[in-house]
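Beneath this line is the structure, given in structure tokens, with notes to follow.
The values are calculated or read from the model by the stated rules, or taken from the named source; none is laboratory data. Bear in mind the structure is a predicted one, so any value in this text is a computation, not a measurement. No Cβ is skipped: glycine too gets one built from the backbone with ideal geometry, and neighbour counts run over all protein chains shown. Protein only, heavy atoms only, side chains kept; ligands, DNA and RNA dropped before computing areas. Shrake-Rupley method; radii C 1.70, N 1.55, O 1.52, S 1.80 Å.
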Amino acid sequence: MTVLLWIAVAALAVWVWLLLGQGFFWRTDVRLPDRADPPSWPSVAVVVPARDEAEVLPLSLPSLLTQDYPGRAEVFLIDDGSGDGTGELARELAAREAGRGGLPLTVDSPGEPEPGWTGKLWAVRHGMALARARTDAEYLLLTDADIAHEPDSLRELVRAATSTGADLVSQMARLRVATFWERLVVPAFVYFFAQLYPFRWVNRPRCRTAAAAGGCVLLRREAAERARVPESIRQAVIDDVALARAVKRSGAAGAPGDGRLRGGG
């Protein structure tokens, strides 16, 4: 009986810690902070690493090209060795949207990654270099090719960054769930991520906890250069968390949120 009692006490202590001592991770009500329009809208370069994304590109890419953003913005899609015609399809979609006032698109390929680089980060590096060479963008939006953005997504991200002074703003995509197993697994994944990286802790500049949702990261270019991103995280497997950690360690401020994106698979 004594052993069972101690087991029960230990289990209760664990539950109390999870409920009260882990940043209230179970409350998924963290959203972008209160925000207002900036005096002038900064320019943004959107970097999209893509590998074999032809199936989802007709949905995701137009959502970027047709962003309702008052400032200057340009999209750089980096075709990371696709074998399904991703690059060609991206050019076709851009040509179609160009006649409707869509954002300009550059499609390029980085070639084979150098030793010590993961494929995605090699593509991101190439896209960021292109953006630096061709634009004076103050912000970089790093987003996955399988994510469809709401029309005001970029506007709201920039508003959040400029209103709070945050160097990094990240949002978790609303993942698509269609099958029974997806409905079962996806919520558990979101809560597990929040348990490891409680959003409230991530939002505190002096707290060591850092994380971001790699599918949508708005990053001030100066902060990226100060943190030496992506060179400093070139071997990272979980690149979004590594990116946020590098930026936060360099002295930047961050503002993660949740809820204004639609995610693919």
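What to note about this one:
- Scanning the stretch 69-93 for residues that are part of a helix (DSSP H, G or I) and either open to solvent by 20 Å² or more (accessible area, probe 1.4 Å) or closer than 30 Å to ALA36 by Cα (or both) yields GLU88, LEU89, ARG91, GLU92.
- Verdict on SER40 being assigned to a loop (DSSP other than H, G, I, E, B) and at pLDDT 95 or above: yes
- Taking the stretch 52-64 as the range and being out of contact with any strand residue (DSSP E or B) (no Cβ under 6 Å at 6 or more places or on another chain), of a type in the set (A, V, I, L, M, F, W, C) and either open to solvent by 20 Å² or more (accessible area, probe 1.4 Å) or assigned to a loop (DSSP other than H, G, I, E, B) (or both) as the test, the residues that pass are ALA54, VAL56.
- Scanning the stretch 128-148 for residues that are of a type outside the set (D, E, K, R), farther than 15 Å from ARG228 by Cα and in a helix (DSSP H, G or I) returns LEU130, ALA131, ALA133.
- Search result, residues across the stretch 36-51 that are more than 19 Å from the chain's Cα centre (by Cα) and open to solvent by 40 Å² or more (accessible area, probe 1.4 Å): ALA36, ASP37, PRO39, SER40, TRP41
- Evaluating GLN195 against the criteria (1) in contact (Cβ under 8 Å) with a residue 24 or more places away in the chain; (2) farther than 25 Å from GLU225 by Cβ; (3) part of a helix (DSSP H, G or I); (4) out of contact with any helix residue (DSSP H, G or I) (no Cβ under 9 Å at 6 or more places or on another chain) leaves one unmet condition, (4).
- Across the stretch 210-249, the number of residues qualifying as open to solvent by 30 Å² or more (accessible area, probe 1.4 Å) and closer than 15 Å to VAL169 by Cα comes to 6.
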